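Okay, structure first, notes after.
The values are calculated or read from the model by the stated rules, or taken from the named source; none is laboratory data. Every value quoted in this text rests on a predicted model; they were computed, and no experiment measured them. Counting neighbours? That spans all protein chains shown, and the Cβs are built from the backbone with ideal geometry, glycine included.
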There are 2 protein chains.
Amino acid sequence: MNMQAIIKPLIQKNDTKIVMIVLDGVGGLPVNGKTELEAANTPNLDALAKESACGLHIPVAHGITPGSGPGHLGIFGYDPLECQIGRGILEALGLGMEVRKTDVAVRCNYATIKDGLITNRRAGRIPTDQSSKLTERLQKEIMKIDDAEFTFAPGMEHRFAVRMRFPDNLQPDAAMINDTDPQKEGKAPLPAAALSKNAERVSRIAEKLISRAHEILKGEEKANFILTRGFSNMPHIPNFDEAFGLNALAIATYPMYRGLAKLVGMETPSLEGSVEDEINFLKQKYNEYDFFFMHVKKVDSYGEDGNFEGKAERISEFDKLLPQVLELKPDVLVITGDHSTPAVMKGHSWHPVPVLIKSPYVLGRTSGAFSERECLKGEIGIVPALNIMPLALAHAGRLKKFGA
Amino acid sequence: MNMQAIIKPLIQKNDTKIVMIVLDGVGGLPVNGKTELEAANTPNLDALAKESACGLHIPVAHGITPGSGPGHLGIFGYDPLECQIGRGILEALGLGMEVRKTDVAVRCNYATIKDGLITNRRAGRIPTDQSSKLTERLQKEIMKIDDAEFTFAPGMEHRFAVRMRFPDNLQPDAAMINDTDPQKEGKAPLPAAALSKNAERVSRIAEKLISRAHEILKGEEKANFILTRGFSNMPHIPNFDEAFGLNALAIATYPMYRGLAKLVGMETPSLEGSVEDEINFLKQKYNEYDFFFMHVKKVDSYGEDGNFEGKAERISEFDKLLPQVLELKPDVLVITGDHSTPAVMKGHSWHPVPVLIKSPYVLGRTSGAFSERECLKGEIGIVPALNIMPLALAHAGRLKKFGA
């Protein structure tokens, strides 16, 4: 049964504050017997774990490695299997684009075409500074196709994203448009075919985009064509306020995570700087919101690079700053990750993610530290990620009794 | 949501090997404080558990005692509540019959009938050697009814199975045929009535089978009639290769377990001998497959007999052979059971079953031994059996990331 449907009638508002800190990719695996969390110097996190409810969460399902989208949706209380985010939308959000319900977004690659066949699907991974200039040129020359306004966002290397905005409020069925990337070199690009009636308008515009881009780029040695993947609309996701009765602020320095927070209806002001800057922003805005999602990116980045010590060091740095958060005395403090990124795997993984919930209403003294092994002993157990939000709401006194 | 539907789009193939060893009925309950696994001498299993991911699995649901069919389907990654195997099919498979998608199978009992009433539903449990001769006689005299070819397989005591094979490829709706066993003595046998239009053809043939068998057996003192139960077709189960991208070999000396493996599309060569013979076969075939299901039957048999020491002894014997499996260095090794068979209960039970997964990507050092109590401390937790296959695939690097 849908968790949000269960809790929605039980929501009650009050003055409590909930702070959720996401240490991106915090879960790890041992090197010389210790995981990144065990190797890090974390006296504050460990002391907190001792007096908190601890456990582990499964982001999507056992054995399933989540991308950043499903990883965050789960801890935000949405079932990542029901709310799937298209590649185009995620790319656009990741590049900091503002995307509305009626927009269509698509991820594009620069590619090399010769005699009608794709000879390089990534235009030889052209450098970002070169591809950015090409994207600017496309933007200048393609402002509109038919009645759709076009916005281009340059990405890394051969990547960029395109947003189409229509003058009406119809939502075209963008996910029903075929990817044009043939996935193998030596093949012709596929047509951006409409797989449903409602997608035909976008299909026609997409075909014009591709041929106009080729016209503009044809003099380029490598990047003389574009391939499109993941035409998509914004998913229909109930607003955070509507779902949980929470007025929420996202504190994140990376555009993708602000985009994900925006997707569920949080406020997402632009922000740059360090984790300390994020905490200062939290302090500054503390009286204005009920719920704060604070995202700590660098833990994941070092995990992705396979840098075990670097990842542990980022965790230790966060630990030093934790007392500043505790000084705010939030009614409920949740610390967790969106998924595991074990340095030994150099990437996201399926492993359960440590979680702690600090509130006056916990058992406590089950876990001796904030780590995978110690959280395994905790009172939360191993639970699907989407159970964390109902627990946070309960600890904040924001859920009424179910049944008489 | 259906687990196979989630993982199917994520499947990626590689060169890894997964070995799954099923110690049939391995879970137990304490006698003098120790379970069979705790009483057994298992230095190798215990050392392995220390460096593996450990946990317990629930074969079907809390409190539900599985038969061998659902027990195996769960650990093979199929939802045993969705894929139900008819009694006729299971009996036919158990007796080593080859059964095709378009066949119908039914389980039969010899019974005693007098003046139209069943006076003994099991023909006084006539000895196997006597019933086998009767079954041979039925086979000789009933080769065909209408256009259906008949094959009879003798079973234990009063039991046998019948397979009907049709010249066309229509699949009759066999499960919609009424059982003829009235379940109580002193009552008349029920008609093999068709409960759906599509079952009428099989119903007519079944009625002819019953009356011809009575004609042939009428001179017998006890076994002068047959009762039928569980008319069934092969269930529609996605092939193991299609579901998981695995080329799988079943190594099992008992026909029923080969039958269950065949049902999900594993290769199931005939094999006789000891557990050591099974391991030798595993070594011999190791380069030819991706996935190996090795079944160790005797652990369960002693449990069913209520022989606690015998069951523990079979576990100890397996432990001595385990290093031979470890020498193969499979990328992922899963050791578990299909259900519990506590000797004190002399039968299958609903209790969670210990499971360990050995791979380079585990936390480890959470469980000190391979036992019910120690696996409870493990990183897998208590999970539905059908989560084991996704975990095995993930540990083998055979599942892509979900979502971007």
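Could you list, in sequence order, all residues of region A:54-73 that are more than 9 Å from chain B (Cβ to nearest Cβ) and of a type in the set (G, A, S)? Listed by number, the list holds a single entry, A:G55. Only residues that are more than 10 Å from every other protein chain (Cβ to nearest Cβ), of a type outside the set (A, V, I, L, M, F, W, C) and surrounded by fewer than 24 Cβ atoms within 10 Å (Cβ to Cβ) were counted across region B:362-394, and they come to 4. Could you tell me whether B:D173 is among the acidic types (D, E), within 26 Å of the chain's Cα centre (by Cα) and under 24 Å from B:R137 (Cα atoms)? So B:D173 does not fit the description; no.
Checking each residue in region A:346-361 for being within 26 Å of A:L399 (Cα to Cα) and surrounded by fewer than 19 Cβ atoms within 10 Å (Cβ to Cβ) picks out A:P360, A:Y361.
With respect to A:E82, is the statement that it is out of contact with any Gly (no Cβ under 9 Å at 6 or more places or on another chain), within 14 Å of chain B (Cβ to nearest Cβ), among the charged types (D, E, K, R) and more than 24 Å from A:R314 (Cβ to Cβ) true? Answer is yes for this residue. The set of residues in region B:234-257 that are buried (at least 23 other Cβ atoms within 10 Å of the Cβ) and either at positive phi or in contact (Cβ under 8 Å) with a residue 60 or more places away in the chain (or both) comprises B:F240, B:F244, B:L246, B:Y257. Within region A:329-343, restricting attention to residues that are touching a strand residue (DSSP E or B) at 6+ places or on another chain (Cβ under 6 Å) and within 14 Å of chain B (Cβ to nearest Cβ), which residue is surrounded by the most Cβ atoms within 10 Å (Cβ to Cβ)? The qualifying residue surrounded by the most Cβ atoms within 10 Å (Cβ to Cβ) is A:H339.
Let's see how each residue does on (1) within 24 Å of the chain's Cα centre (by Cα); (2) crowded, with 18+ Cβ neighbours inside 10 Å:
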{"site": "A:A5", "(1), (2)": "yes, no"}
{"site": "A:I11", "(1), (2)": "no, no"}
{"site": "A:V26", "(1), (2)": "yes, yes"}
{"site": "A:P30", "(1), (2)": "no, yes"}
{"site": "A:E38", "(1), (2)": "no, yes"}
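Of the residues contained in region B:219-226, none is found to be over 30 Å from B:L393 (Cα atoms), in contact with a Gly (Cβ under 7 Å, 6 or more places away or on another chain) and among the small types (G, A, S).
Selection of first residues in region B:5-16 that are within 11 Å of another protein chain (Cβ to nearest Cβ) and of second residues that are small (G, A, S) and in a loop (DSSP other than H, G, I, E, B), restricted to Cβ pairs under 8 Å at least 6 apart or on distinct chains, gives the following pairs, ordered by first then second residue: B:I6/A:A61; B:I7/A:G63.
Can you name the residue in region A:214-233 that is of a type in the set (S, T, N, Q) and at pLDDT below 95 and is also surrounded by the most Cβ atoms within 10 Å (Cβ to Cβ) among such residues? The selected residue is A:S232.
Restricting the search to helices (runs of 4 or more DSSP H) fully inside region B:1-80 and requiring at least 2 residues that are modelled with pLDDT under 95 gives B:3-7, B:68-75. If the condition is being free of Cβ contacts under 8 Å to residues at least 24 places away in the same chain and either of a type in the set (V, I, T) or loosely packed, with under 13 Cβ neighbours inside 10 Å (or both), then region A:134-167 contributes A:E136, A:K140, A:M143, A:K144, A:D147, A:P167.
For A:G28, the criteria (1) in contact with an Asp or Glu (Cβ under 8 Å, 6 or more places away or on another chain); (2) within 16 Å of A:E374 (Cβ to Cβ); (3) more than 12 Å from chain B (Cβ to nearest Cβ) hold in every case but one, which is (3).
Consider region A:377-404 and keep the residues that are part of a loop (DSSP other than H, G, I, E, B) and under 18 Å from A:L56 (Cα atoms). The one that is nearest to the chain's Cα centre (by Cα) is A:I380. Taken over region A:81-90, residues that are in a loop (DSSP other than H, G, I, E, B) and crowded, with 24+ Cβ neighbours inside 10 Å amount to 2. Which one of the conditions (1) away from chain B (no Cβ under 14 Å); (2) touching a residue at least 24 places away in the same chain (Cβ under 8 Å) does A:A47 fail to meet, given that it meets all the rest? (2) is the only condition that A:A47 fails. Of all the residues in region B:93-125, those that are of a type in the set (A, V, I, L, M), touching a Leu at 6+ places or on another chain (Cβ under 8 Å) and surrounded by fewer than 20 Cβ atoms within 10 Å (Cβ to Cβ) number 0.
Rundown of residues vs (1) within 18 Å of the chain's Cα centre (by Cα); (2) aliphatic (A, V, I, L, M), yes/no style:
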{"position": "A:V344", "(1), (2)": "no, yes"}
{"position": "A:W350", "(1), (2)": "yes, no"}
{"position": "A:S359", "(1), (2)": "no, no"}
{"position": "A:S367", "(1), (2)": "no, no"}
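Within region A:361-376, the set of residues being part of a loop (DSSP other than H, G, I, E, B) and of a type outside the set (K, R) comprises A:Y361, A:V362, A:L363, A:G364, A:T366, A:S367, A:G368, A:A369, A:F370, A:S371, A:L376.
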